[in-house]
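Here's the structure we're looking at; comments come further down.
Only the coordinates and a few stated rules stand behind these numbers; no lab work does. Keep in mind that what you see is a predicted model, and the values were worked out from it rather than measured. Here the Cβ positions follow ideal geometry from the backbone for every residue, glycine too, while neighbour counts run over all protein chains shown.
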Amino acid sequence: MEIVGFVAAFLTTAAFLPQVYQTWKTKDVTSLSMPMLTMFFVGIILWLIYGISINSPSMIVANSITVISAFMLVYFKIKYAKK
């Protein structure tokens, strides 16, 4: 079952990375919603804590990478927001 978890983790994490790359490249954050990013970031941190608590390598790896990616989007949203 852990292999299924790793496949799911790879797909869901990889699906998020193009948004991070595009935002970094274009510096366009107008379509990013800060409330959504904040809720997503907190949710991923909670999934990471849960994965650690049940000792699930697939959840730990995927959510660790996604926490970093989500943090980058929050950072970009703050840094590149039009003032």
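Overview of results
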| quantity | calculated |
| --- | --- |
| Relative contact order (percent, whole number), the chain, Cα cutoff 8 Å, 6+ residue spacing | 46 percent |
| Loop-located trypsin sites (Lys or Arg not before Pro) in the range 1-78 whose Cβ has at most 14 other Cβ within 10 Å (DSSP) | LYS27 |
| Extension gain (nm, one decimal) between VAL7 and ILE54, 0.36 nm per residue minus Cα-Cα | 15.1 nm |
| Å³ per residue enclosed by the Cα convex hull of the chain | 76 Å³ |
| Under Karplus coefficients 6.51, -1.76 and 1.60, residue-wise ³J(HN,Hα) of the range 56-72 in Hz, glycine/proline x | 9, x, 5, 5, 5, 5, 4, 6, 5, 5, 5, 4, 5, 4, 5, 4, 4 |
